[in-house]
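A short reminder: the numbers here are calculations on the coordinates, not readings from a lab. Note that the structure is predicted; figures quoted are calculated from it, not measured. Note that we place each Cβ from the backbone using ideal geometry, even for glycine, and neighbour counts take in every protein chain shown.
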Amino acid sequence: MCHGHGTRHSGPLGFQAALPSGVKFEDVSAALADGMLTISAPWAQATTERVGERPP
């Protein structure tokens with residue numbers, strides 16, 4: 001059992017999160033720096049193209 005602050009753990013860590021369908025899954029990235037995990041999940045660009053419409 002761990003007590004107090006400043007205790008460090010080592011070993012594998014697992015985390016799962018559900019992302020909305022508007023996220024560009026191929027561009028999701030993560031970085032670990034100074035003990036802070038940062039996850040970037042950019043949104044896909046909204047399209048004005050209509051179904052069945054041909055691009056110019």
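Each label point is 7 Å from the Cα along the Cα-to-Cβ direction; what then is the distance between the points at Gln45 and Val28, in nm?
Result for the modelled spin labels: 2.2 nm.
For the stretch 27-41, take each phi angle, set θ = phi - 60°, evaluate the Karplus expression 6.51 cos²θ - 1.76 cosθ + 1.60, and give the result in whole Hz per residue in order, putting x for glycine and proline.
10, 5, 9, 9, 9, 10, 9, 6, x, 10, 8, 10, 10, 10, 9
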